[in-house]
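Single-structure report; data block below.
Please treat every number below as a calculation from the coordinates, not as lab data. Note that the structure is a prediction, hence the values are computed from the model and not measured. Reconstructed Cβ throughout: ideal geometry from the backbone, glycine too, with neighbour counts over all protein chains shown.
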Amino acid sequence: MRSWMSIFGAIGIIFVLAILTVPILDQLAILRADTNIADYTSFDVFLKLTPAILWLFGLGGAGFLAFSGIKGVRGGDGHGGGLR
C-alpha cells in the first residue's frame, strides 16, 4: 500500500506544480516589473531562474517518488509485491 501512495504522491506533486505555475509566474512578473529591481542584481537573476528551479526540483521529487513506488510494487525492495 505504501508504494502505491508514493506513486499517487508523485502524480499529486505534478498536479500541484501545474496548478501553481501560473500564479507563481504572475507574482514573479510583478516583482520583476519593479522599477528599482536594477538595484538588486542577483535578485533579478534569481527571479528569472525561480520557475526553472521549482519545476526541476518538483519533477525530480515526483520522479523519485514514482521510481521508489514502482520499485516497491514490483518487489524490488524485497518487501512484497512480487510472486513468492
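Quick look at the numbers
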item: Between 0 and 90°, nearest 10: helix 41-74 axis offset from the chain longest Cα axis; result: 10 degrees
item: For Thr41, Thr21, order by how many other beta-carbon atoms lie within 10 Å, fewest first; result: Thr41, Thr21
item: C-alpha long axis of helix 2-32 to longest principal axis of the chain, angle in °; result: 10 degrees
item: For Ile53, Ile70, order by how many other beta-carbon atoms lie within 10 Å, fewest first; result: Ile53, Ile70
